[in-house]
Amino acid sequence: VSNMQAQWQRHDVLANNLANLSTPGFKKDDLAVIPGSPNVMVPNAMGRNVLPLGDLAMVQWTDYSQGPLQETGRRLDVGLNGPGFLVVETPNGPRYTRAGALGVTREGSLVTAAGFPVLGERGPITIRSDRVAITGRGEVTEDGRPIDTLRVVDFPKPYRLLKEGNGLFAPADATVTPQAAREYEVVAGSLEGSNVNSVETMVNMIE
């Protein structure tokens with residue numbers, strides 16, 4: 001019964017991966033069986049046990065490898081080439097994302113597709129012109145004048161982050177403070193695609 005439950009759980013995870021094949025910045029999940037008492041939390045990227053199997057535990061983990069950068073030509077789309085996350089403001093505090101399909105509200109706030117304000121080095125970014133450009137270092141310019149720089153941060157690896165929906169991540173340990181990311185490039189007019197391999201995922205589901 002436990003093995004059937006484990007396989008069903010893995011099927012659900014793979015199906016969710018497949019459903020997010022076209023979701024910008026999506027990071028695929030999988031399950032792994034590791035030694036561990038069912039009564040003890042097993043450290044993992046998701047911060048929780050998934051299913052106890054006697055003296056083993058099936059643990060969900062997230063693959064944070066980069067997805068392909070896809071050119072869109074839309075000037076407010078940004079893809080991150082290299083490590084790091086954009087920082088956004090939510091009612092629950094700062095959250096982190098690689099889903100760079102950005103837009104501007106009527107009030108001029110630069111926001112994610114879900115409407116969360118994107119943070120720069122000086123806080124939320126306000127845009128008052130249609131002539132906006134974003135450089136490879138994340139500098140946001142308006143009419144050729146710099147107004148702020150996208151805040152891009154990173155966490156110690158291996159990542160221990162929780163998915164919260166809308167492409168957002170939060171640290172599993174709230175006391176962990178992200179640091180400024182290094183060795184990354186902001187690619188304007190592009191989005192990072194999902195890192196789900198459709199053929200591999202279908203084969204795993206059939207298996």
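The values are calculated or read from the model by the stated rules, or taken from the named source; none is laboratory data. All values derive from a computational prediction rather than experimental measurement. Backbone-built Cβ (ideal geometry, glycine too); neighbour counts: all protein chains shown. These area figures cover heavy atoms from the full protein model, side chains too; ligands, DNA and RNA do not enter into them. Shrake-Rupley method; radii C 1.70, N 1.55, O 1.52, S 1.80 Å.
Summary table
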read-out: Strands (runs of 3 or more DSSP E) wholly inside segment 151-207 containing at least 3 residues that are of a type outside the set (Gly, Ala, Ser) and either over 12 Å from the mean Cα position of the chain (by Cα) or under 27 Å from Thr135 (Cβ atoms) (or both); value: 152-154, 185-188
read-out: Residue match in segment 149-159 (condition: among the charged types (D, E, K, R), open to solvent by less than 20 Å² (accessible area, probe 1.4 Å), in contact with a Leu (Cβ under 8 Å, 6 or more places away or on another chain) and under 24 Å from Thr62 (Cβ atoms)); value: no
read-out: Verdict on Gly54 being surrounded by fewer than 18 Cβ atoms within 10 Å (Cβ to Cβ), farther than 30 Å from Arg151 by Cβ and modelled with pLDDT under 95; value: yes
read-out: Within segment 130-145, tally of residues that are loosely packed, with under 13 Cβ neighbours inside 10 Å and either at pLDDT 95 or above or not in a strand (DSSP E or B) (or both); value: 6
read-out: Sole residue being farther than 30 Å from Trp8 by Cβ and either in a loop (DSSP other than H, G, I, E, B) or open to solvent by less than 50 Å² (accessible area, probe 1.4 Å) (or both), chosen from Val118, Val59; value: Val118
read-out: When residues of segment 154-168 are limited to those that are among the hydrophobic types (A, V, I, L, M, F, W, C) and over 24 Å from Gly108 (Cα atoms), the one modelled with the highest pLDDT; value: Phe155
read-out: Segment 62-88, subset among the hydroxyl-bearing types (Ser, Thr, Tyr) and surrounded by 15 or more Cβ atoms within 10 Å (Cβ to Cβ), residue modelled with the lowest pLDDT; value: Thr62
read-out: Identity of the residue in segment 105-115, of a type outside the set (Gly, Ala, Ser) and in a loop (DSSP other than H, G, I, E, B), that ends up surrounded by the fewest Cβ atoms within 10 Å (Cβ to Cβ); value: Arg106
read-out: Residues being open to solvent by 50 Å² or more (accessible area, probe 1.4 Å) and either in a loop (DSSP other than H, G, I, E, B) or free of Cβ contacts under 8 Å to residues at least 12 places away in the same chain (or both) - total across segment 89-104; value: 2
read-out: Search result, residues across segment 169-181 that are open to solvent by 30 Å² or more (accessible area, probe 1.4 Å) and modelled with pLDDT of 95 or more; value: Gln179, Ala180
